[in-house]
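As structure tokens, the structure follows; a few thoughts come after it.
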Amino acid sequence: MNSFPYNTHQLKDSVQELVRRAIEAIRAKRFHFEAKSKANPRKTADLLTDADLLAQEIVAGGLQERFPEAGIVGEENLFIPSNNGVTFTIDPLDGTKAFVRQESGNVAVMIGVLFENRVVSAFIGDVWTKEIFYFRPGSPNTHRLIDFDFPFPLVPFNPDEKHRHSAILFREDPYRIPGFDFLSIRDTFTKVFIESGSIGINFTKLFKGETHALFIHMKYYTPWDHVPVIGLARQLGYGFYRLENQMFTPFAFDLKLETYTMNALLLVCHPSLVAGLNEASIHAK
């Protein structure tokens, strides 16, 4: 295994600053932006705004200046190959439709760091709350930076605690997900939320303990969307489980630098919850 080629504290500080600058640029565009349609991997209508492009320009430009040997994969048609094994992924504005609708949430800036096919660092910046969720390379700790200034440790899920109001979040109506029997696990949770927008913000609710599980119908893998959330989830001890034949089994991503088709039903939760969910599913059959 090769050693990571950058000072990890300097990388953390640099990327945090770029996330902050991108967030401020997006916030400044909130009421004055231009939007147009763009193609996406699903070949369905998507949106692109000048805020997306400005945020990517800020982040990519800063990364190239500070880490010129590293590669970059950005959502808005950006690919720079790596010369040292490090690749940054950039989602400059995750939740563009929510941004265009002027929602008061579900908009994020996300950056992941890949090295030797591992997510070694990740950053999710909440545009509206000014929080940054992150971990740096080589550190076992994960933090939630409040107002760009006050870092608080994120505590991993404690399976020994009683979660009296356990909650699950879906990114679409669970009754309309093909191949999924929602009723088989419905009674396992006391609260059910349905929320789209930024996948990064969905995951931060899991990290903060606002939800205890996240269910995703993942049709495509895109590195800018998934590298940061995979890295942070794993860092905090959460697992990914694929639903097949109404049973959840461990799932491992192929961390490619390009998009590929998945069409997988995935549950994200602490491993301690999986046995109970599978048992509930068996009893429901």
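Rule-based calculations on the coordinates, nothing more; no lab input. As the structure is a prediction and not an experimental result, all values here were calculated from the model. Cβ atoms come from the backbone with ideal geometry, glycine included; neighbour counts cover every protein chain shown.
Starting from the Cα gyration tensor of region 8-153, take the square roots of the eigenvalues, sort them a ≥ b ≥ c, and report rounded, prolate or oblate (rounded when a/c is under 1.5, otherwise prolate if a/b is larger than b/c, else oblate). Verdict is oblate for region 8-153. Work out which GluC sites (Glu not before Pro) in the chain are exposed loop sites (DSSP not H, G, I, E or B, at most 12 other Cβ within 10 Å) and give the longest gap free of them. Between the exposed loop sites, the longest stretch runs 162-209. Charge dipole (Cα centre; +1 on Lys/Arg Cβ, -1 on Asp/Glu Cβ; no other charges) of region 8-153 amounts to roughly 300 debye.
Measuring between alpha carbons in the structure, the pairs from LYS12/LYS38; LYS191/LYS256; LYS12/LYS219; LYS36/LYS130 lying more than 28 angstrom apart are LYS12/LYS38; LYS191/LYS256; LYS12/LYS219. In whole Å, what is the distance between the alpha-carbon centres of region 81-147 and region 184-245? With region 81-147 and region 184-245 each reduced to a Cα centre, they are spaced 15 Å. The sum of -39500 (n - 2.57) across all DSSP H runs of n ≥ 4, divided by the residue count of the chain, sets its helix-only mean residue ellipticity at 222 nm to -8500 deg cm²/dmol. Placing +1 on the Cβ of every Lys and Arg and -1 on the Cβ of every Asp and Glu, with no other charges, gives the chain a dipole of roughly 440 debye about its Cα centre.
Could you give the length gained by full extension between THR129 and GLU24, i.e. 0.36 nm per residue of separation minus their alpha carbon distance, to one decimal place?
Value of the extension gain: 36.7 nm.
Treating the beta-carbon of each Lys and Arg as +1 and of each Asp and Glu as -1, no other charges, what is the dipole magnitude of region 128-267 about its Cα centre, to the nearest 20 debye?
Value, rounded to 20: 100 debye.
Secondary structure note: in the chain, about 80% of the DSSP beta bridges are antiparallel.
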